[in-house]
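The values are calculated or read from the model by the stated rules, or taken from the named source; none is laboratory data. This one's a predicted model, so the numbers in the text were calculated from it and none came from an experiment. Quick reminder, even Gly has a Cβ in these numbers, built from the backbone with ideal geometry, and neighbours come from all protein chains shown.
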Amino acid sequence: MDFLTLFAIYVAVVLTCIALVCKYSGQRQTPFSVLLNHTSTLLSLITPKWLQRVSQRTLHRLFHQRNNMFIYLHLLVEGAVYAEFTYEVFGYCRDMDTTLASLSVPYVLLAIKTYLFYRCITKDPGTITKKRVGALLQLYPYDKRMFHPGVSCPTCQLVKPARSKHCRVCNRCVERFDHHCVWVNNCIGAQNTRYFLLYLCSMCVMAGDMALLIADMLLHAVLRSGLLRASYIDEHGQQQPAGPVFVMQHLFLTFPRIVFMLGFLVFIFLLLAGYALFHAYLALVNHTSNEWYKSRGYVCQHCHPASAVDHLHGPAPDHAKGHFYSRGILRNLREVFLPPRPGHKKDN
């Protein structure tokens, strides 16, 4: 089995895993949870108790407590990609007479992305406090299906405004709660949703631009080498023209790190583009990830368990028939990028 076949199998497995994660994301009972439970049960029979405790504490700290590990991982991967791009691709593209302006675009996008990333991390998402809760209660009406008047958060001991949620990772209630993002170590709420959406878009554009520059470099390398007009002797001793498979294998052998980086960037672009489009759709219809999950009977893993109280008041709404908080595309976008302030009632 040649290298190209192995790489194709690897890509197929990765894409299949992504599709399964997207399909079962947020559901209580999934094939993943069943497999994980069975695997944990089997491992507990052969794993020492002290190792089990260490593993549980580590997983709890990673996914159920605020920490900067995923921020550092993000910066490490990004630094490795840009170091490789600068070390190999930049110089080769300059030899191909690629304009300096085109090669500077990824670095400009990196600066923009870094600013948005920083804002996502440091901006308060809209923490609900005793001082603010009175004004926030007037900001949105209760739809009486997902959000009900008079429901209090048992942890914060505050009445929950409509569209709010208690995040057990940050241990706070957040206005217009969307989700908790481990990559920015912060909740995404009313006050930083715009930065998160722009951050996703900047990541997509950055990955796409770098992928195009690398693909253009590899294409020029193939054209300059004359591989498309070359031939080779196969295992039967017959002369064969160099086809696409031969060219790709040659690129893998000649530029292994660059080809791998191109595949990684395409993979990241497709993954983030889908996620960015999902959040763009939510912004256009004035919906949040939390509301999207709740409307389908899912439970957000970072939401407070008391959210089950909401479902005692009636079934989740069918949002295929409309969105309760939608006020038209322009007003919806204004609400995301210019969130209403407590004390100033939102336009109906």
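Scanning region 136-181 for residues that are assigned to a loop (DSSP other than H, G, I, E, B), among the polar types (S, T, N, Q) and surrounded by fewer than 22 Cβ atoms within 10 Å (Cβ to Cβ) yields a total of 4. Restricting Lys131, Lys123 to residues that are surrounded by fewer than 16 Cβ atoms within 10 Å (Cβ to Cβ) and within 28 Å of Cys153 (Cβ to Cβ) narrows the list to Lys131. Any residue at all in region 27-39 that's surrounded by 13 or more Cβ atoms within 10 Å (Cβ to Cβ), in contact with a Ser or Thr (Cβ under 9 Å, 6 or more places away or on another chain), outside any helix (DSSP H, G or I) and at pLDDT below 80? Within region 27-39, one or more residues are surrounded by 13 or more Cβ atoms within 10 Å (Cβ to Cβ), in contact with a Ser or Thr (Cβ under 9 Å, 6 or more places away or on another chain), outside any helix (DSSP H, G or I) and at pLDDT below 80.
Only residues that are surrounded by fewer than 22 Cβ atoms within 10 Å (Cβ to Cβ) and touching an Asp or Glu at 6+ places or on another chain (Cβ under 7 Å) were counted across region 182-205, and they come to 1.
Test Cys187 against the criterion of being within 22 Å of the chain's Cα centre (by Cα), part of a loop (DSSP other than H, G, I, E, B) and not aromatic (Phe, Trp, Tyr), and give yes or no. Criteria not met by Cys187. Among residues of region 211-236 that are under 20 Å from Ile258 (Cβ atoms), those with a beta-carbon under 7 Å from a residue that is modelled with pLDDT under 70 and surrounded by 17 or more Cβ atoms within 10 Å (Cβ to Cβ) at least six positions away or on a different chain give the pairs Leu227/Ala242; Leu228/Ala242.
Pairs, please: C-beta under 8 Å, at least 6 apart or cross-chain, first residue under 22 Å from Tyr87 (Cα atoms) and in region 240-268, second aromatic (Phe, Trp, Tyr) and at pLDDT 75 or above? Sorted first by the residue in region 240-268, then by its partner, the pairs are Val259/Phe252; Met261/Phe85.
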